[in-house]
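A.B. asks: Sharing a structure with you now.
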Amino acid sequence: MCSTRTSKEPGSRTFFLWAGLWVACFLGWGCAGDGPAPRLSGDDQTLRLAIPSDINSLDPAEAYDVVSWPLVRTMFHGLVDYDDHLDLIPWQSESWSISEDGRVLTFTLRPGIRFSNGRFVTAEDYVYTLTRILDPATRSPGQWLFRNIEGAGVFQDGKADRVKGLSAPDARTFRIELIQPDLTFLHVLAMPFAYPVPKEEVAKHPQDFFAHPVGTGPFVLEKWQRGTYLRFEPNPSFTGADTKLRSIDVRVGGDETLHMMMFERGEIDIASITATGIPAPDFVRVMKDPVLSRQVESQPLNATYYLSLNTEMPPFDDVRVRRALNHAIDRERIVRLISDRGIVAKGVLPPGMPGFKTDRTGYAYDPPKARALLAEAGFPTGFETELQMVAQNDTESKIAQVVQQDLEKIGIKTGLKPVTGATRIETLGRRRTVPFGTFAWYQDYPDPSNFLDVLFNGERITEVNSNNVAFYDNPQVNALLRQAAHSTDMTARLELYRQAEDLIVDDAPWVFLYHPKMYILRQPWLKGLKLNPVWPFRFERMWIE
């Protein structure tokens, strides 16, 4: 999952920081003292959160970011989930089976599950849900994940009124037939996209179901005042494990500095629920504070920060230039710059991903070797280029400056081009547009295909909206990825992915930077927060003590 970031107006940071501090003190949000303040208000079992800007959707077919997904999961559950060891387990299915050829998945639903409108869930609801994802009119960002279902293509092309591979032989049996065997498809079904929605409720709100969600999870949306707050309350029809929380309140607005002050005043229970966790300006102070440091939870993320090198555009169409850049960047310095909140990347896959190769050496910081490679490629004095990065993002700005300085040492003059997060996603994904840019990828599910196949398969390159933003196309890699995708032997397919990653690292379509670590600051009274690489925030498991 690519990351989007919030930009701020240039030159406004200092003014608004001081203005925010004054307003916060005036309103009683206060200026922080030593350690967290007592819990000030709200029901004893109300989880209080804050987010910088409103979410776009609570429809599981539409939501696709690290802030909205945990909220969606409070209201919607699905067939399968992960345990604390990232093993797939039955959730609202009682069991499942896979045919010998790996193409047919059959699920038996648990009896007695109801939507929050009181109606029992049937297998037909899953047929409808997956069909809805594939319907072009839904415009689901997850529809590409389900194209391997038999008949998905002809349905999307308007040549069939149903998806042939989806069926419900009876009320408790849901069957999926795939075009090709795919061991990762169970992971796809664990994503919120596949959580069931009731057809009749979507029909009532065809344009704004995202604001009237009806699911099978432990909570329902009680109120959503756009741009101000959201409130979730218990689902009276929920039949799963009891949750101790009686409500979840989410305040909308304010930057990370204000949220940190609110936390230290005892007004919210988690300082930040974004992927970055503890705000960078506060990180060192928090970790040195004898009180606050005891309330920190950390977890390496299955994610990779990188510099994308467009392999279709000169000079990055030359592998020697790409390798030179990998040897020119001091990754250790970058990790120190972000207060050691990362692990140096030696390849594509993060350490928590199956198939991670522990003995991979990667590219050593070696400027003389980088200069020699540039000379060999015909650039003995270097060249000029431009690095696209997100505007007014402190971490990216610091990283971009290090990259600029390191490349200057080998003769590459690098201009910095700040853009918005949305612009970066759009332009990097458009063919022959951006030669060099900062980017990151967060897993959708814990399988190497979600990195290697999605980001490096040349057969997946598109003219626009390409996830393969390096536009990397190696026939050997493509063949290995194709073979791995259709393998039903987990050990064999992991070895195929390792071979593919070996070739990718050697071809250097990225400058591999680091794998981030999340640090979460929680109040001492908040219990049940157990970070997980797939689901860092499982709000329904938390309680106040």
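A.B. asks: For PRO192, state whether it is without any contact (Cβ under 8 Å) to a residue 24 or more places away in the chain, under 28 Å from the mean Cα position of the chain (by Cα) and more than 28 Å from ASP489 (Cβ to Cβ).
C.D. replies: No.
A.B. asks: Does region 318-330 contain any residue that is out of contact with any helix residue (DSSP H, G or I) (no Cβ under 6 Å at 6 or more places or on another chain), over 18 Å from PRO380 (Cβ atoms) and either in a loop (DSSP other than H, G, I, E, B) or in the same structural domain as PHE263 (by TED's automatic domain parsing) (or both)?
C.D. replies: Within region 318-330, not a single residue is out of contact with any helix residue (DSSP H, G or I) (no Cβ under 6 Å at 6 or more places or on another chain), over 18 Å from PRO380 (Cβ atoms) and either in a loop (DSSP other than H, G, I, E, B) or in the same structural domain as PHE263 (by TED's automatic domain parsing) (or both).
A.B. asks: Which of the residues belonging to region 156-212 are within 17 Å of PHE107 (Cβ to Cβ) and surrounded by fewer than 14 Cβ atoms within 10 Å (Cβ to Cβ)?
C.D. replies: Scanning region 156-212 gives PRO169, ASP170.
A.B. asks: With the requirement that a residue be charged (D, E, K, R), part of a helix (DSSP H, G or I) and surrounded by fewer than 17 Cβ atoms within 10 Å (Cβ to Cβ), what does region 254-299 give you?
C.D. replies: Of everything in region 254-299, those that are charged (D, E, K, R), part of a helix (DSSP H, G or I) and surrounded by fewer than 17 Cβ atoms within 10 Å (Cβ to Cβ) turn out to be ARG285, LYS288, ARG294.
A.B. asks: So, in region 446-496, of the ones that are under 24 Å from ASP317 (Cα atoms) and hydroxyl-bearing (Ser, Thr, Tyr), which residue ends up surrounded by the most Cβ atoms within 10 Å (Cβ to Cβ)?
C.D. replies: That would be TYR472.
A.B. asks: How many residues are within 26 Å of the chain's Cα centre (by Cα), part of a loop (DSSP other than H, G, I, E, B) and hydrophobic (A, V, I, L, M, F, W, C) when one looks only at region 109-136?
C.D. replies: Number of matching residues: 0.
A.B. asks: Evaluate the following for PHE238: is it touching a residue at least 60 places away in the same chain (Cβ under 8 Å), assigned by TED's automatic domain parsing to the domain that holds PHE537 and under 30 Å from ARG119 (Cβ atoms)?
C.D. replies: For PHE238, the condition - touching a residue at least 60 places away in the same chain (Cβ under 8 Å), assigned by TED's automatic domain parsing to the domain that holds PHE537 and under 30 Å from ARG119 (Cβ atoms) - is met.
A.B. asks: Name the residue that is surrounded by the most Cβ atoms within 10 Å (Cβ to Cβ), counting only residues in region 358-389 that are assigned to a strand (DSSP E or B) and in contact (Cβ under 8 Å) with a residue 60 or more places away in the chain.
C.D. replies: LEU387
A.B. asks: Could you list, ordered by first residue, the pairs with Cβ atoms under 6 Å in which the first is in region 472-499 and within 15 Å of MET353 (Cα to Cα) and the second is small (Gly, Ala, Ser) and not in a helix (DSSP H, G or I), at least 6 apart or interchain?
C.D. replies: ARG493/SER487; LEU494/GLY355; TYR497/GLY355; ARG498/GLY355
A.B. asks: Assigned to a helix (DSSP H, G or I), within 18 Å of PHE76 (Cα to Cα) and either at pLDDT 95 or above or under 23 Å from the mean Cα position of the chain (by Cα) (or both): is that true of VAL197 in this structure?
C.D. replies: So VAL197 fails the test.
A.B. asks: The conditions are (1) closer than 12 Å to VAL511 by Cβ; (2) out of contact with any strand residue (DSSP E or B) (no Cβ under 6 Å at 6 or more places or on another chain); (3) not charged (D, E, K, R), and SER308 fails exactly one of them. Which is it?
C.D. replies: Of everything listed in (1) closer than 12 Å to VAL511 by Cβ; (2) out of contact with any strand residue (DSSP E or B) (no Cβ under 6 Å at 6 or more places or on another chain); (3) not charged (D, E, K, R), SER308 misses just condition (2).
A.B. asks: In region 56-84, how many are touching a Leu at 6+ places or on another chain (Cβ under 7 Å) and among the aliphatic types (A, V, I, L, M)?
C.D. replies: Summing the residues that are touching a Leu at 6+ places or on another chain (Cβ under 7 Å) and among the aliphatic types (A, V, I, L, M) in region 56-84 gives 6.
A.B. asks: Quick test of your reading of the structure: LYS517 fulfils all but one of (1) assigned to a helix (DSSP H, G or I); (2) in contact (Cβ under 8 Å) with a residue 60 or more places away in the chain; (3) of a type in the set (Lys, Arg). Name the failing condition by number.
C.D. replies: With (1) assigned to a helix (DSSP H, G or I); (2) in contact (Cβ under 8 Å) with a residue 60 or more places away in the chain; (3) of a type in the set (Lys, Arg) applied to LYS517, the lone miss is (1).
A.B. asks: Can I ask one more? Starting from region 45-56, keep only residues that are assigned by TED's automatic domain parsing to the domain that holds GLU233 and closer than 26 Å to ASP242 by Cβ, then list their pairs with residues that are buried (at least 18 other Cβ atoms within 10 Å of the Cβ) and among the acidic types (Asp, Glu) whose Cβ atoms are within a distance under 6 Å, requiring at least 6 positions of separation or different chains.
C.D. replies: Correct list of pairs: THR46/ASP249; LEU47/ASP269; ARG48/ASP249; ARG48/ASP269.
A.B. asks: If the requirement is being buried (at least 22 other Cβ atoms within 10 Å of the Cβ), among the polar types (S, T, N, Q), in contact (Cβ under 8 Å) with a residue 12 or more places away in the chain and over 26 Å from PHE185 (Cβ atoms), which of these qualifies: THR427, THR438?
C.D. replies: The unique qualifying residue is THR438.
The values are calculated or read from the model by the stated rules, or taken from the named source; none is laboratory data. Computed from a predicted structure; not experimentally measured. A quick note on method: Cβ atoms are made from the backbone with ideal geometry, for glycine too, and the neighbour counts reach across all protein chains shown.
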